[in-house]
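The structure under discussion appears below in the form of structure tokens.
The values are calculated or read from the model by the stated rules, or taken from the named source; none is laboratory data. Remember, it's a predicted structure, so these values are computed and weren't measured experimentally. When we count neighbours, we look across all protein chains shown, and the Cβ atoms used for this are built from the backbone with ideal geometry, even at glycine. The area values use the complete protein model at the heavy-atom level, side chains included, leaving out ligands, DNA and RNA. Shrake-Rupley method; radii C 1.70, N 1.55, O 1.52, S 1.80 Å.
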Amino acid sequence: MMGIFALIQALFLLAITPLCTGISRTIRAKMHSRQGPGILQDYRDIFKLFKRQSVAPEQSGVIFQVMPYVLLGSMLVVAMALPVFTATSLFAGAADLIALIYLFALYRFFFSLSGLDSGSPFAGIGASRELTLGVLVEPILVLSLIVVALIVGSTNVGTISATLAQGWVSPTATLLALFACAFAAFIEMGKMPFDVAEAEQELQEGPLTEYSGSGFAMVKLGLGLKQVVVAELFLAIFIPFGKATEFTFIALIIALVLMAVKLLVVFVLASLVENSLARGRFLLTHHVTWLGFGVAALALVFYLTGL
């Protein structure tokens with residue numbers, strides 16, 4: 001029974017994904033003094049793409065074909081495992097932090113490999129850039145999550161969420177881990193301003209150059225769902241308040257409303273920060289990501305010293 005509710009939770013997050021990305025696009029347009037698309041434009045784009053035929057390059061292989069399914073499937077599993085509405089995970093079998101980290105790694109691996117498999121040099125450049133960003137960002141995310149796992153004494157996301165909802169055991173280390181995880185989540189959501197926002201297809205999303213039709217629609221859903229899932233992972237661990245402690249209709253409705261408010265705040269803040277920063281050179285990314293890793297390492301030091 002819990003597995004069915006976990007699947008419903010994942011499908012709900014998938015359903016609101018175009019709305020969340022649409023809000024980000026609208027905020028970006030307003031901050032650029034443009035009219036921009038409507039909030040529901042992403043829904044219209046995805047429905048239109050699903051009606052069109054997918055065309056694959058002649059030199060592409062099986063990786064190119066299965067990548068959209070891997071992207072969407074891996075993020076749906078993560079969405080099932082997160083304690084979004086309830087205090088604990090509805091899909092405890094996949095709620096381990098190590099398993100979730102591997103799912104994110106699987107997502108990035110296939111996303112990058114598909115660019116190489118397409119045979120397009122343009123997509124290959126985007127794939128190498130994506131892998132470089134992963135090498136720089138994933139250690140920050142992993143280390144910040146390990147710190148809270150050590151504090152709680154468990155790698156289960158549901159256990160961590162329920163424990164921190166009762167109060168922070170090691171406030172200083174947890175606060176530093178929060179800052180580091182927020183920094184990594186901001187980048188994983190595709191909000192880092194190292195490329196022009198309107199030119200996402202140029203390099204950062206270069207692996208998508210050869211996709212079209214329904215395959216492109218699934219990839220867009222997978223990319224958007226990753227933004228929602230990363231935001232929910234951050235909220236589930238560090239801001240786990242307002243979850244339903246009882247599996248009742250009223251408790252779930254209250255948790256749904258609070259979840260929507262928190263998710264909206266995350267996307268609005270991320271969009272405001274993203275569009276308030278100047279564009280930077282991608283080759284200088286490591287100068288910025290070292291700051292996040294330093295904060296995560298400092299959180300580990302504070303935990304080990306008991307401060």
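Segment Val265..Leu175, full-extension length gain: 30.5 nm, with 0.36 nm per residue of separation and the alpha-carbon distance subtracted. Put a dot 7 Å past the Cα of Ala15, heading toward its Cβ, do the same for Ala94, and the two dots end up 1.9 nm apart.
In the elastic network of the chain, a GNM with C-alpha springs shorter than 10 Å, the most mobile of Met218, Met75, Met31 is Met31. Under the rule that an exposed site lies in a DSSP loop and has at most 16 other Cβ atoms within 10 Å, name the longest stretch of the chain with no trypsin sites (Lys or Arg not before Pro) of that kind, not counting the sites themselves. With a cap of 16 other Cβ atoms within 10 Å, the longest stretch comes to 53-278. Computed from Cα positions, the angle between helix 2-31 and the longest principal axis of the chain comes to roughly 60 degrees.
Amide hydrogen proximity for Thr86: with H placed 1.01 Å from N in the peptide plane, the residues at 5 or more positions away or on another chain lying under 5 Å are Ala244. Sparse packing (at most 15 other Cβ atoms within 10 Å of the Cβ) combined with a DSSP loop state is found for the following GluC sites (Glu not before Pro) in segment 232-307: Glu246.
The modelled label-to-label distance between Val135 and Leu272, using points 7 Å beyond Cα along the C-beta direction, is 3.6 nm. Only Cα sites of the chain enter the Debye sum here, all with the same form factor; the resulting log10 I(q)/I(0) across q = 0.16 1/Å is -1.43, listed in q order.
Kindly state, as a whole number, the per residue volume in cubic angstrom of the convex hull around the alpha carbon atoms of segment 40-110.
Values: hull volume 8.6 nm³, N = 71.
Here the figure is 121 Å³ per residue.
Using only Cα atoms, locate the centre of segment 112-158 and the centre of segment 238-307, then give the distance between them in Å, rounded to an integer. Result: 16 Å between the Cα centres. Surface composition of segment 211-258: carbon plus sulfur atoms contribute 76% of the solvent-accessible area (1.4 Å probe, protein chains only, all chains present). Counting only lysines at least 8 places from Lys51 when in the same chain, those with an alpha carbon closer than 23 Å to its own are Lys220.
For segment 299-307, backbone phi angles converted through the Karplus equation (6.51, -1.76, 1.60; θ = phi - 60°) give residue-by-residue couplings of 4, 5, 4, 5, 5, 5, 8, x, 8 Hz, Gly and Pro being listed as x. The simple Förster model, with R0 at 25 Å and r as the Cβ-Cβ distance, assigns Ser212 and Gln35 a FRET efficiency of 0.40. You can think of it this way: the chain between Trp168 and Leu291 has 41.9 nm of extra reach, that is 0.36 nm per residue less the Cα-Cα gap. The gain in end-to-end length when the Phe249 to Leu7 segment is fully stretched comes to 85.4 nm, 0.36 nm per residue minus the alpha carbon separation. Its Cα centre serving as origin, the chain has a Cβ charge dipole (Lys and Arg +1, Asp and Glu -1) of approximately 600 debye.
Per residue, the accessible area of the chain comes to 45 Å², computed with a 1.4 Å probe over protein heavy atoms only.
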